Amino acid sequence: MMEAVLQTMAGPLTVADWISWFCIGSGVFFAFTGAVAILRLPGVFSRMHGAGMIDTMGLGLILTGLMVQAEEPIVIVKLALILAFVFFTSPTTTFALARAAIHGGVDPAADPTPKADPAPAQPEETDPSRT
Amino acid sequence: MMHAISLGVFLSVLWLLLSGMFEPLPLGLGAISVLLTLWLAHRMDVIDREGHPIHMGPRALLYWPWLLWKIITSNVSVAFAIWRPRLKIQPQVFTTQASQPSEVGRTAYANSITLTPGTVTIAMAPDGTFTVHALTDAARRSVENRIMDRRCAAMEGGKSPTPPEAVRAEPTLDAPETTDTPPVPSGKEHP
């Protein structure tokens, strides 16, 4: 039973490989979902939730998948450090982004809801002259 | 002084882990770097309870796994909300009261709210009132049930809500506001 599970078209996969496949695959899924959220959700503040998803589950699962493949313990430590630094800095940058949006005149309470007319959300994403 | 030693040990271990070399030259360069960093941190006056909160250490080990679990569950629920063919979200802004006595504790709480997808801290008032943006009603409830608030306060060492005497027992240079005095804006986190 166990042997059959571990046998794939590309040859036998070790348990570590399966864990890596699972973690990196789900990590990619969450990163992709975060990207979809940034495109799909209305308004600046709603989109931040999608970005937070990429930073936490997306990055976390991908790095966990990579840790399983590490041949030296030092690699695991370094990957864990990357994860820790991002977990500390990502909320800080999100906070700075929110402050900047409020400072720039975006009213969080009036952030467009899906039922509202999407027109107000247009200028912030299609304004190439400002960048 | 204890904080400086602790920071020095932490930096040395970090250097050894990241370099992985134990020859005299890398070790010497590492020692110089650690001392330089310590001196700079001392000059910036950030080696204190706030800049290097070792007092949270053991309790943080209890808090982080719980936070990790919250991050996973809220990620899954937000992912469900996003992949629905018709978006079912209720973006909203609300305020909540943070009960952590010190600024480190509040920062940890605000960061925890932001790390949990579905809720983002967008403003912090000096009196501990957070303005939070929530993507869904469920995300809002996960903050308003105050479980995370209590756990963050507990990580700081106090019972929840932190009794004032627990704060007075450990006086620091920039004393955190106690609950019975009107909070004073320190100007440190709101430039």
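Since every read-out is calculated from the coordinates, none of them should be taken as a lab result. Everything quoted here is computed from the prediction, not taken from an experiment. Methodologically, a virtual Cβ is constructed for each residue, glycine included, from the backbone with ideal geometry; neighbour enumeration extends over all protein chains shown.
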| said: Just to confirm a number: summing +1 for Lys and Arg and -1 for Asp and Glu over residues other than A:Thr93 whose beta-carbon lies under 12 angstrom from that of A:Thr93, what do you get? | reply: 0
| message | Nothing charged except the Cβ atoms of Lys and Arg (+1) and of Asp and Glu (-1): what's the magnitude of the dipole of the range A:14-103 about its Cα centre? Round to the nearest 20 debye. | response | 460 debye
| query | Full extension from A:Arg99 to A:Val28: what is 0.36 nm times the residue separation minus their Cα-Cα distance, to one decimal in nm? | reply | 22.6 nm
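Determine the shielding of peptide B:83-94 by partner chains: average, over its residues, the number of Cβ atoms on other chains within 10 angstrom of each Cβ.
Per residue, the number of nearby Cβ atoms from other chains is 4 on average.
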| note | Given A:39-52, A:78-91, B:55-68, the highest-first ranking by average Cβ count within 10 Å works out to A:39-52, A:78-91, B:55-68
| request: Enter the mean number of other protein chain beta carbons within 10 Å of the beta carbon of each residue in A:47-59, as an integer. | output: 6
| Whose amide H sits under 5 Å from the amide H of B:Ala123, counting only residues 5 or more places off or on another chain, with H placed in the peptide plane? | B:Thr131
| Rounded to the nearest 20 Debye, what is the dipole magnitude of the range B:56-168 about its Cα centre when Lys and Arg each give +1 and Asp and Glu each give -1 at the C-beta? | 400 debye
| request: Using only atoms on other chains, find how many Cβ atoms lie within 10 Å of each Cβ of peptide B:21-29 and report the average. | output: 0
